[in-house]
Each structure stands twice: as structure tokens, then as C-alpha cells.
Amino acid sequence: MRSMGAPVLSGRDKAYAYLKDIVLADPGMQGRFLTEQEIADRIGVSRTPIREALLMLAAEDLVQLVPKRGAHIAPLSGREITELMELRGIVERYAAQQAIGTGAVPVEALAALLERQHGLKGQEDAKEFIAADHLFHATLVSAVGNGLLDRHYDGLRSRQIRAGIVALFSKPGRQDAVLREHQAILDGLASGDADAACAAISGHLETTLKVLLAG
């Protein structure tokens, strides 16, 4: 009888997850070209699933495939960053209003994530800090209880993490500012004040956008 444990990832899925969650989230990889062989050597799979994973990422506009050079990890453009923040604002403000309106605000979960972020303030913790940052916002969106909205928002994850890490390295003290901005969002949600929560979300995203465009 087969084990009912975690499903075994195919070579393509393993390569896709590695590229999206590890390589694309690394600020040092922005602007670089990756070859199929280089990636295959890193994660121990053949070149065919690597090629399939790169095609999937190219379809999402996360890499650009250049003949004879490989996959180009282009830095996020100013337009992409602006559109990302606009879309996040629409989704997250809606989530705040719905969660407050239905009494479904996950206050304890958000507070725990914020506390976790407080313990991740070193430069070496940047990726984990931003992963917790994404989870903070995703937890709010998930409180709406709309699976399609969850999947849509999760599709922004790679770009959110890339942008978030760049922002942390672009401006000294950005981590402390993020913590204050998250606290303001949590305060608005916990008090049931939708206007305050939405204003805090807008302020957080607008500040992040300014940091990214200035950097």
C-alpha cells in the first residue's frame, strides 16, 4: 500500500518550485542569465524538466528566454512594480472590509506573524522576513474564504517577495518601518475600523512603492 504522505514532485515541478521560490527571490540573481545545465547541476534533475519549468515561468513573464544565452531574470520594471502595488491594494483593502464585515479577522494569526517578523531583523534574515511579510497579507486575504481570490493573490507571491527583498536592501531602516506599518494594519483590523485598516494598507503599499521606485 502506498504511503499517504506528501506527494512526490515531478522533475518539472521541483525545478519550477526551486526557480520561483529560491532563484527568483534572490536579489543577487536579478539581471543574470541562467542556463538549463546550470540549473540541472544545482538541483540534480535532467535538462528536459528544467526546460519545461522555464517555459512555465516565461509564460508568467517571470523570466525571458533568449536563444543561445539562456533564461534572463529581468529586474522588475517600474511599471510592473506600480501595477503590483495597485493590484495588491485592491485585493487587500477588499479583504479587510470583508473580514471586518463578517467578523472573520484572523487577529491572533496576524499578531503571531508580526511577532515572528520582529525576530527576523538581521540582513541574513531578509528572505524569511519577506516570506513572513507575504504570509501576513495572504492570511488576511484568505480570511475572506474565497478560494479563487486566494489563488489569484498567491500568483503574485514571487513578484511580491522579489520586490519586498529589494525594498529592504534599498533603504536603511525599512524593516522597522514595515513592522510599524503592519502594526497599524493590525490595529485597524482588530478594532473593526475598516477605514483605518484600508488607510493603513494603502499607506504601507504606497511607501513600499516609493522606496522601490527611488531605489
For the chain: lysine pairs under 27 Å (alpha-carbon distance), excluding those fewer than 8 apart on one chain
12
Normalising by the residue count of region 11-72, find the relative contact order in percent from Cα pairs under 8 Å and 6+ residues apart.
41 percent
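Mind putting a number on the dipole of the chain about its Cα centre? Charges go on the C-beta only, +1 for Lys and Arg and -1 for Asp and Glu, and I need it in Debye to the nearest 20.
Values: 24 positive and 27 negative charges, 165 e Å.
Using only the charged Cβ atoms, the result is roughly 800 debye.
Using Cα pairs under 8 angstrom and six or more residues apart, how large is the relative contact order of region 78-214, in percent? Walk me through the numbers before you get to the answer.
Numbers: 140 pairs, mean separation 47.3, N = 137.
Reported relative contact order: 35 percent.
With charges only on Cβ, +1 for K and R and -1 for D and E, what is the dipole size of region 11-72 about its Cα centre, in debye, rounded to 20?
Working: 9 positive and 9 negative charges, 43 e Å.
Once rounded to the nearest 20, the dipole reads 200 debye.
Let me have the relative contact order for region 1-152, percent, based on Cα pairs under 8 Å that are six or more residues apart.
Contact order relative to length: 19 percent.
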How big is region 94-215 along each principal axis, measuring the range of its Cα positions in Å and listing the largest first?
38, 27, 25
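Show me the three semi-axes of the equivalent ellipsoid for region 1-90, from the C-alpha gyration tensor (sqrt of 5 times each eigenvalue), largest first, rounded to whole Å. Intermediate results must be reported in sequence, preceding the final value.
Numbers: eigenvalues 135, 74, 22 Å².
With the √(5λ) rule applied to region 1-90, the semi-axes are 26, 19, 11 Å.
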Using alpha carbon positions and the Kirkwood radius, the Rg to Rh ratio of the chain is 1.00
How far, in degrees from 0 to 90, does helix 107-118 lean away from the longest principal axis of the Cα atoms of the chain, to the nearest 10?
60 degrees
Sort 114-124, 166-176, 203-213 for me by packing, meaning the mean count of neighbouring Cβ atoms within 10 Å per residue, highest on top.
203-213, 166-176, 114-124
Just going by the charge dipole of the chain, with Lys and Arg at +1 and Asp and Glu at -1 on Cβ, which of L19, F169, G145 is farthest out on the positive end?
L19
With +1 on each Lys and Arg Cβ and -1 on each Asp and Glu Cβ, how big is the dipole of region 35-157 about its Cα centre, in debye rounded to the nearest 20?
240 debye
Sorting A184, I100, I201 by the position of each Cα along the dipole of the chain (Lys, Arg +1; Asp, Glu -1; all at Cβ), the one nearest the positive end of that ordering is I201
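R116 to L87: extension gain in nm, 0.36 nm per residue of separation minus the Cα-Cα distance? Don't jump to the answer; show the numbers that get you there.
On the way: separation 29, 0.36 × 29 = 10.44 nm, distance 2.59 nm.
Going from the current span to full extension adds 7.8 nm.
Here, each number is a calculation from the coordinates, and none is a lab measurement. All values reported here derive from a predicted model rather than from experimental measurement. Backbone-built Cβ (ideal geometry, glycine too); neighbour counts: all protein chains shown.
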